[in-house]
Amino acid sequence: MERKVQGTVRMTVVAAMITALTIAMGLVPGIPMILIPVPIILQNIGVMFAGEVLGAKYGTLSVAVFLLLASLGFPVLSGGHGGAAVFVGPTGGYLVAWLLAPMVINLVKKFLPSKINSGWIGSLVSVWLGGAVFMDLFGAFWLSIFFHVPFVTAMVSSLMFIPGDTIKAILTALVAKRLKKIVHLR
């Protein structure tokens, strides 16, 4: 019983640290895009990191706390934004995808062959597909509804994020693999 409590405390502390890291990444201002009203930001690294390091349960908890703070008006989003209005604007779909991304990352892991899943490549594939690609697809779906444009049009504009998100996924997979060893997670 004591080990289970220690594990829960450890995971909760790491979840809080990743939430704080995600908030800190918001201090770096977003880079505005020309064709789409959604900037390039670093905070989605924190979301991918939460899913990869903490798993579905605690990763979702970490992101949920972050999004709760944002919805309550705390300026935790990139550029010092916050408040419930951001959830119904052009970036709302990306924010909703953030909440789901830790679960999707871990769902992708379950479908990978065990030989691949245990290594760095498995980590990269799950973070890239379940994190970067999923968030971009969900965000494009939201944009298509928000701006009343065909999904394909919104998806083409979201393709601008894929190169940068791929780099973020690589960094996330590298750092997460090392952190899990250091902190003795999973």
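The values are calculated or read from the model by the stated rules, or taken from the named source; none is laboratory data. The structure presented is a predicted model; accordingly, all values stated were derived computationally and were not measured. Here the Cβ is made from the backbone with ideal geometry for all residues, glycine too, and neighbour counts use every protein chain on show. Note: areas computed on protein heavy atoms with side chains; ligands, DNA, RNA excluded. Shrake-Rupley method; radii C 1.70, N 1.55, O 1.52, S 1.80 Å.
Computed quantities for the displayed model
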quantity: Count - residues of the stretch 80-126 that are open to solvent by less than 50 Å² (accessible area, probe 1.4 Å) and assigned to a loop (DSSP other than H, G, I, E, B); calculated: 8
quantity: Which numbered condition residue 70 fails, given (1) over 13 Å from the mean Cα position of the chain (by Cα); (2) surrounded by fewer than 17 Cβ atoms within 10 Å (Cβ to Cβ); (3) not polar (S, T, N, Q); calculated: (2)
quantity: Total residues in the stretch 1-40, condition outside any helix (DSSP H, G or I) and under 26 Å from residue 81 (Cα atoms); calculated: 15
quantity: Pair list, Cβ under 9 Å, 6 or more apart: the stretch 1-15 residue closer than 11 Å to residue 183 by Cα and touching a residue at least 24 places away in the same chain (Cβ under 8 Å), other residue aromatic (Phe, Trp, Tyr) and surrounded by 10 or more Cβ atoms within 10 Å (Cβ to Cβ); calculated: 11/58; 14/58
quantity: Index of the failed condition, residue 126 passing every other in (1) among the hydroxyl-bearing types (Ser, Thr, Tyr); (2) out of contact with any helix residue (DSSP H, G or I) (no Cβ under 7 Å at 6 or more places or on another chain); (3) modelled with pLDDT of 95 or more; calculated: (2)
quantity: In the stretch 1-34, the residues that are under 15 Å from residue 47 (Cα atoms) and hydroxyl-bearing (Ser, Thr, Tyr); calculated: 19, 22
quantity: Subset of the stretch 44-94 (residues that are under 17 Å from residue 31 (Cα atoms), touching a residue at least 24 places away in the same chain (Cβ under 8 Å) and not small (Gly, Ala, Ser)); calculated: 44, 45, 76, 77, 90, 91, 94
quantity: Test for residue 156: is it free of Cβ contacts under 8 Å to residues at least 24 places away in the same chain, over 21 Å from residue 52 (Cα atoms) and open to solvent by 10 Å² or more (accessible area, probe 1.4 Å); calculated: yes
quantity: Where residue 39 falls short, out of the listed (1) open to solvent by less than 20 Å² (accessible area, probe 1.4 Å); (2) at pLDDT below 95; calculated: (1)
quantity: Those residues of the stretch 63-79 which are modelled with pLDDT of 95 or more and either in a helix (DSSP H, G or I) or hydroxyl-bearing (Ser, Thr, Tyr) (or both), in sequence order; calculated: 63, 64, 65, 66, 67, 68, 69, 70, 71
